[in-house]
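Reading through the structure tokens given below for one structure.
The values are calculated or read from the model by the stated rules, or taken from the named source; none is laboratory data. Just so it is clear, the structure is predicted and the values come from calculations on it, not from any experiment. When we count neighbours, we look across all protein chains shown, and the Cβ atoms used for this are built from the backbone with ideal geometry, even at glycine. Please note that ligands, DNA and RNA were not included when accessible areas were found on the heavy atoms of the full protein model with its side chains. Shrake-Rupley method; radii C 1.70, N 1.55, O 1.52, S 1.80 Å.
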Amino acid sequence: MSTISQWQLRAAFAARLSRMYGQEVPAYTTLVDVSREVNEDVLRARGSDAERLGSISRVTAERHGAIRVGTPRELGQVARVFAALGMRPVGFYDLREAAASAVPVVSTAFRPVDGEELARNPFRVFTSLLTPADPRFFDADLRARLETFLAGRELFPPELLTLADRAEKERELPEADAERFLQLAVGTFELSTEPVDRAWYETLEKVSAVAADIGGVRSTHINHLTPRVLDIDELYRRMTNRGIEMIDTIQGPPAWKGPDVLLRQTSFRALAEPRTMRAPDGSIVSGALRVRFGEVEARGIALTREGRTLYDDLVSRADEQASRHPAEARDDIARAIWEQHLPGTEEDLAAQGLAYFTYRLADDRPRDGSGPPTTVGELVQQGWVRTEPIVYEDFLPRSAAGIFQSNLSGKGTRDNDQEGVAYDAAWLSGAVGRDVLDPFALYARQQTDSLAHVARELGLTTLTPAPSPR
Ligand code: OOG
Ligand code: NI
């Protein structure tokens, strides 16, 4: 009997989830269609250059999803389902601090971690965990009610978790089991038709719409899915021309003439979806909730810690200048700052140690009998070695908070006189029951491995990219 490997399970899960979400939220299908059109146009206009940050087949299939869960136990179960798909938790995001309105969650992203797996299918899911213990959002009474409610629900059927554990251990499933696993897994993220307890939902909504979306219902659901696009400015124009209301901005770095770095994202506004509700007198009434939307993103080169520090600094400068010149467009301000401070070429990003690259031996390297030079810079300059940018596979806390906020109905409430509970990657690792990996370490390893490989092929003992002092 034939078996289905983890990456095939992952690709199939992403495709089925996308189909399901398209049926639930038709505007998402428009977004996917327009993204595909833009990608085809960019490929036509730029040729193979358009594929510098991933093959067109990878980019066309590429999606990220977002889900939200209520307890460490639920998070641990989600981790088992994603482990079956070859996805590990990477990165810690504290959205309580990144958002101005009440977003009481901490998050990680489940994704494949090695280069080959990412190239096969890079599906990732931004996963948020509610923080009922944070007294800035929940008083003792509400916290207790919320935790009791969450403890009494079951998001994942035991059969799904058993199949997931098997797929994780054996790294594949027989075809029939794979089919069952996929059906159950996609099913858990469908919007439930069970009536929503209106009074309970509204109690939580006063504190935070995100808390209500997570803890106000007895199931979970996919919150949004995000295709990848090669020209997000063009996509924004085309969606707007089709009459779809987009959020005000494209988040992340501005459009500029230098290399794409990190991540740019935008979305259309959450749409009202019909949901049945149970009124306080027990009667079932029809209502509507506005929580789900469609998002789109353009991915650029992963920055090193130094590059990221510079990026964060440029963002602060842009904020500061924008607040002093409210009449000027923030994007124009940011673009000017970028052009002044960020290297405008991949070569300079690499030379200054600001971004991650992989290195491989050039097919047309010198064959005149001369020995290779011994520094990365010279190997590249003299045509021995080619560089390829490493794609940023993660998220940006500020954009994530912006995405949450732009789709909240109310600001919620937040008592800043209370001391917040401190969480970090180590705490989240404990909650997930698995190590939450450091994204910088993953990119660095990809770069180091490629250099070690080049060094071996050239018979050199060591090779390290020596960033020149800035
Ligand atoms: C997650 C928001 C974060 C992104 O792309 O930054 C996110 C959510 O709304 O649950 O998906
Ligand atoms: Ni997203």
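Overview of results
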| quantity | calculated |
| --- | --- |
| Percent of C-alpha pairs per 20 Å bin, the chain, short to long | 22, 55, 21, 2, 0 |
| At 0.692 mPa s and 37 °C, Stokes D of segment 312-434 from Kirkwood alpha-carbon radius, µm² per second | 167 |
| Spatially proximal lysines relative to LYS411 (Cα-Cα < 22 Å; intrachain offsets below 8 disregarded) | LYS206 |
| Using a Förster distance of 41 Å, the FRET efficiency for ASP141-GLU24 (Cβ separation, nearest 0.05) | 0.75 |
| Cβ charges +1 (Lys, Arg) and -1 (Asp, Glu), total dipole of segment 246-375, debye | 560 |
| Which of GLN251, PHE293, LEU262, positive extreme of dipole for segment 207-336 (C-beta unit charges) | PHE293 |
| Part-to-part distance (alpha-carbon centres) for segment 166-203 and segment 29-44, which is given in Å | 30 |
| Total charge dipole magnitude, the chain, about the Cα centre, Cβ charges on Lys, Arg, Asp, Glu only, Debye to nearest 20 | 500 |
| Percentage relative contact order, segment 213-305, counting C-alpha pairs under 8 Å, at least six apart | 34 |
| The chain - accessible surface per residue (Å², probe 1.4 Å) | 44 |
| Cα lying deepest toward the dipole's positive end in segment 91-228, options GLN183, ALA98, THR220, charges on Cβ | ALA98 |
| Estimated 222 nm signal from helices in the chain, with DSSP H stretches of n ≥ 4 weighted -39500 (n - 2.57), rounded to 500 | -14000 deg cm²/dmol |
| Percent accessible area from carbon and sulfur atoms, the chain, protein chains only, probe 1.4 Å | 49 |
| Amide proton proximity set for THR358, modelled H, under 5 Å, gap of 5+ | GLU388, ILE390 |
| For segment 148-205: Kirkwood Rh in Å [reciprocal of mean 1/r, alpha carbons] | 13.6 |
| Cubic angstrom per residue, convex hull over Cα atoms of segment 157-245 | 194 |
| Total charge dipole magnitude, segment 348-395, about the Cα centre, Cβ charges on Lys, Arg, Asp, Glu only, Debye to nearest 20 | 200 |
| All-pairs alpha carbon distance profile, segment 207-275, 10 Å steps from 0, percent | 15, 40, 28, 16, 2 |
| All Cα pairs of segment 308-363, percent lying beyond 18 Å | 44 |
| Distance from segment 291-321 to segment 122-158 (C-alpha centre basis), Å | 28 |
| Relative contact order (%) - criterion: Cα under 8 Å, at least six apart; region: the chain | 21 |
| Diffusion coefficient, µm² s⁻¹, Stokes-Einstein with Kirkwood Rh over alpha-carbon pairs of segment 409-462 at 20 °C and 1.002 mPa s | 138 |
| Normalised contact order of segment 365-458, rounded percent, pairs of Cα under 8 Å and 6 or more residues apart | 19 |
